[in-house]
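Right, one structure below, let's go through it.
The numbers here are math on the coordinates, done by the rules we state, and not lab data. These figures come from a predicted structure and were not determined experimentally. Backbone-built Cβ (ideal geometry, glycine too); neighbour counts: all protein chains shown.
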Amino acid sequence: MAKTAPKSPQKSLPKRTKSVRATITGVHGYLPDYVLTNAELATMVDTTDAWITERTGIRTRHILKGKGLGSSHMGAEAVRGLLEKTRTSPKDVDLLICATTTPDFVFPSTANLICDMVGIRNVGSFDIQAACSGFLYAVTIASQFIQSGAAKKIIVVGADKMSSIIDYTDRATCVLFGDGAGAIMIEPSKNGHGIRDTLIRADGAGMPHLHQKAGGSRMPPTHETVEKRLHYVHQEGAQVYKFAVARMAEISMELMLRNKLNPSKVDWLVPHQANMRIIEATAERMGLPGSGDRDDPQVRQHHCRHDPALPVGLREAAEGRRPHGVRGLRRRLHLGGRLRDLGLRRGGVAAVARYRLLTKPCGTDACCIAGSLKH
């Protein structure tokens, strides 16, 4: 009689329980060593440090250098740091989700590659592609795995090598984007704090204003598409600005209203890091105290990291630094992207504030997460 092949060992999953909240128990980020300054950009395109700073608030951006390096390499660095910081063994991770717009390959997924690099085996891993809002989509999905009892330790990664799809002859886009990665650990909450509410919106009609023309199934790569420089980000700044300001404020206020959260109770607005003017206009529309304050060192030092923007901002908050674009408020933390209640621990010490709001817009969607944090 033929022998039955042995079954692979399965991880024990938590029992399904009601009212389980997901919470962030660790955060780590990675930025490449090479720093591209406004002065260096001024030698590449018709611009100046003053022009860039006045319009965006950005003075430097990090760029991944090195042959054969992609988003997965930065993502792996962020995950290694997260595992070390949270004292988590790779074998204890149940799921890894990677939000990226610049995957290493069409397939396999960047999440698969990250798992292989850091020694996470025999678990689910997949990518999310929702442009600027991808990380918050991934957080929303991860929290639902926790709430359903299907997983107890999930890593969410945001990683993008935006320099690989940026045209460094286009002043409208090359000054905004850079590279980086961030990772967070999501687990069941032990104290009732954590992700509380979510709003997700999308409007595909915005596609003409922000997209990559070639490289997809609609327009596969050809010599002609390469020669016409169609594989880079195309952005119509004025239209994106209008959409971002309107939608970020709109979705944030909607979530705050249904959760009975007064703007005066919000400490920080930590939005997607694309443009200082968008951040200021959004904060003013929301009526948040402290809006209009441009004295923010993190704004000067960072850039639009796309999917990694929020986790890297979270890391700065967890380390007691003021994240890029944070508006100085009082008692609660507001982060930019989609809305959800989040819990965050720092090295075993409960950290930060009672509420925060993550908000992230792009040309076609807007999303926000509101989270509760407690010292």
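General remarks:
- Relative exposure of His231, His223, judged by other C-beta atoms within 10 Å (fewest first): His223, His231
- For the pair Asp46 and Ser264 in one chain, pulling the backbone fully straight at 0.36 nm per residue adds 74.3 nm over the alpha carbon distance.
- Peptides ranked, highest mean first, by Cβ atoms within 10 Å: ranges 129-137, 148-156: 129-137, 148-156
- Calculated FRET efficiency, Asp116 to Gln239, Cβ-Cβ distance, R0 = 30 Å: about 0.15 to the nearest 0.05.
- By the count of neighbouring beta-carbon atoms within 10 Å, fewest first, Met253, Met248, Met44, Met162 end up ordered Met44, Met253, Met162, Met248.
- Each Lys and Arg adds +1 at its Cβ and each Asp and Glu adds -1 at its Cβ; summed about the Cα centre, the stretch 22-188 shows a dipole of about 440 debye.
- Convex hull volume of the Cα atoms of the stretch 104-245, normalised per residue: 157 Å³.
- Full-stretch length increase - Lys228, His211 - with 0.36 nm per residue and alpha-carbon distance subtracted: 4.6 nm
- Rounded to whole numbers, the Karplus 3J(HN,Hα) couplings from phi for the stretch 74-82 are 5, x, 5, 4, 5, 5, 4, x, 5 Hz, using 6.51 cos²θ - 1.76 cosθ + 1.60 with θ = phi - 60°, and x at Gly and Pro.
- Lys91-Lys65 pseudo-label distance in nm [points 7 Å out on the Cα-to-Cβ vector]: 4.0 nm
- For peptides 278-287, 105-114, 74-83, sequence by mean Cβ density within 10 Å, most packed first: 74-83, 278-287, 105-114
- Fewest-first ranking of Thr173, Thr88, using other Cβ atoms within 10 Å as the exposure measure: Thr88, Thr173
- From the alpha carbon centroid of the stretch 131-149 to that of the stretch 195-231 is 22 Å.
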